Amino acid sequence: MEDIRLLVINPGSTSTKIAVFDNENIIFEETLRHSVDELSKYEKIYDQYEFRKDIILKSLDKNNIDIKSLKAVVGRGGLLKPIEGGTYEVNEEMLKDLERGFLGEHASNLGGILAYEISKEIGGKSFIVDPVVVDEMQDVARISGIKAIERKSIFHALNQKAVARRHARTLGKKYENLNLIVVHLGGGISVGAHRKGKVIDVSNALDGEGPFSPERTGGLPVGDLIKLCYSGKYTHEEVKKMIKGNGGLVSYLNTNDAREVCERISNGDKYAELVYYAMAYQVAKEVGACAAVLKGQVDGILLTGGIAHDKLFTSWIEDRVNFISQVYIYPGEDELTALAEGGLRVLREEEAAKQYI
Ligand SMILES: Nc1ncnc2c1ncn2[C@@H]1O[C@H](COP(=O)(O)OP(=O)(O)OP(=O)(O)O)[C@@H](O)[C@H]1O
Ligand SMILES: CCCC(=O)O
């Protein structure tokens, strides 16, 4: 089989993670961190793209990776129009939507743009894989309860799908033949019902649904939220920040770092324990909801993301949901590998690249 060298790019709010793969093997990886000062110069996320591209190219150069040796560049996809999961070739329509942020501003909007711009220099191809807007929801899941608002599928699709595929492989089965509930426990939390390879319902991790998380509120009592919005005390931006950024653990405990919360708990902080336990309790409730979506036919419950490293937290969830199905733990995330695998599937013609329209 022909050797394929790929650059993969995962832009986050304060860093850009990059890696170079020779086939499935990672030969170089770096997290390029960006200070608040560096990024605050830019009004919009799109405006950061030249700055981040420059840093990526310098890092490759410093580490003796000739960009001419790359066959393709794969980036994490952002807030595009809702699309089904898979690998998409970056095209003009996608670049336009990433630039304007079709569903809003998110660092991952830069993934496809950076991939395209770098691949242009080498005459190679550029792709995105399983962006945060992967939408495979069944119609009934779209009904919110008010006609003016439709529920949206915005979640950690890249990691949820990669972990689900990896789990299927370890069982010697196909992802498309399993029913799984996948929980991503990161700065944001999403819980997805995967039915035979499609995420038919999921808690929107960006927009006030599901459990609270280190930085986000999850679902809130709506009447009280309305009162708060109209109290005259807060601007639109301040309320948005309260829900996304200053919600969850940050609101109760003034930190988004679950490790710090664990430390406080082991030092006897009962309030920290109550709040942290509440987060596990809300996750377990959402898993229960997904079990109902899957009509109880659940082949496994997978816990992933940074907080899945914490055995206390995962044991609290497991204790409440193991009556539904066995719980499997895949700590951390491996989004760089998931991006490379998505690119390789297409370059090896195991899968056709999807077209964004
Ligand atoms: N060993 C650990 N024990 C407990 N919590 C941990 C551990 N390692 C990481 N975390 C927590 O995981 C959270 C971050 O998870 P992760 O790195 O998956 O999120 P992210 O990539 O920043 O955000 P997102 O996953 O929402 O995109 C933080 O609260 C961090 O403290
Ligand atoms: C919605 C998935 C990505 C994030 O948590 O920001």
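Looking at the chain, the pairs of alpha carbons with a distance over 30 Å make up 38% of the total. Taking every alpha-carbon pair under 8 Å whose residues sit at least 6 apart, the chain reaches a relative contact order of 17 percent. Of all DSSP beta bridges confined to the chain, the antiparallel ones make up roughly 60%.
Averaged over residues, the count of other Cβ atoms within 10 Å places the peptides 328-335, 136-143 in the sequence 328-335, 136-143, highest first. Computed over region 157-331, the P(r) curve from all C-alpha pair distances, binned at 10 Å from the origin, holds 10, 37, 32, 17, 4, 0 percent per bin. Annotation for residue 234 and residue 37: the two label points, set 7 Å from Cα along the Cα-Cβ direction, are 3.1 nm apart. Here region 157-331 is assigned +1 on the Cβ of each Lys and Arg and -1 on the Cβ of each Asp and Glu. Its dipole about the Cα centre then comes out at about 700 debye. With semi-axes defined as the square roots of five times the eigenvalues of the C-alpha gyration tensor, the equivalent ellipsoid of region 245-293 measures 24, 13, 8 Å, largest first. Computed per residue of the chain from DSSP H runs no shorter than four, each worth -39500 (n - 2.57), the mean residue ellipticity at 222 nm is -12000 deg cm²/dmol. Of all DSSP bridge pairs formed entirely within region 157-331, close to 55 percent run antiparallel. For region 212-241, trypsin sites (Lys or Arg not before Pro) are listed when DSSP marks them as loop and at most 10 other Cβ atoms sit within 10 Å of their Cβ; the list is 233. Annotation: amide H-H contacts under 5 Å for residue 32 (H modelled 1.01 Å from N, sequence separation of 5 or more, or interchain): 16, 17, 18. With respect to the cross-link table entries 96/120; 173/196; 81/295; 285/311; 125/354, which display a Cα-Cα separation exceeding 22 Å? Exceeds cut-off: 81/295. When peptides 64-70, 33-39, 75-81 are ranked by their average number of other Cβ atoms within 10 Å per residue, the highest-first order is 75-81, 64-70, 33-39. Applied to region 82-96, the Karplus parametrisation 6.51 cos²θ - 1.76 cosθ + 1.60 on θ = phi - 60° returns per-residue 3J(HN,Hα) values of x, 9, 6, x, x, 9, 10, 6, 6, 10, 4, 4, 5, 4, 4 Hz, with x for Gly and Pro. Database remark: amide H of residue 255 closer than 5 angstrom to the amide H of 250 (H placed geometrically; neighbours at sequence offset of 5 or more, or on other chains; Pro and chain starts carry no H). Principal axis extents of the Cα atoms in region 219-283, from largest to smallest and rounded to whole angstrom, are 40, 19, 17. FRET efficiency for the pair residue 66 and residue 348, taken as 1/(1 + (r/R0)^6) with r the Cβ-Cβ distance and R0 = 25 Å, rounds to 0.65.
Listed values for region 52-61 are Karplus-derived 3J(HN,Hα) couplings in whole Hz (6.51 cos²θ - 1.76 cosθ + 1.60, θ = phi - 60°), namely 5, 4, 4, 5, 5, 5, 5, 5, 4, 4, and x replaces Gly and Pro.
Coordinate-derived values only; no laboratory data. Quick caveat: nothing in here was measured; it's all calculated off a predicted structure. Positions of Cβ are backbone-derived with ideal geometry, glycine not excepted, and every protein chain shown enters the neighbour counts.
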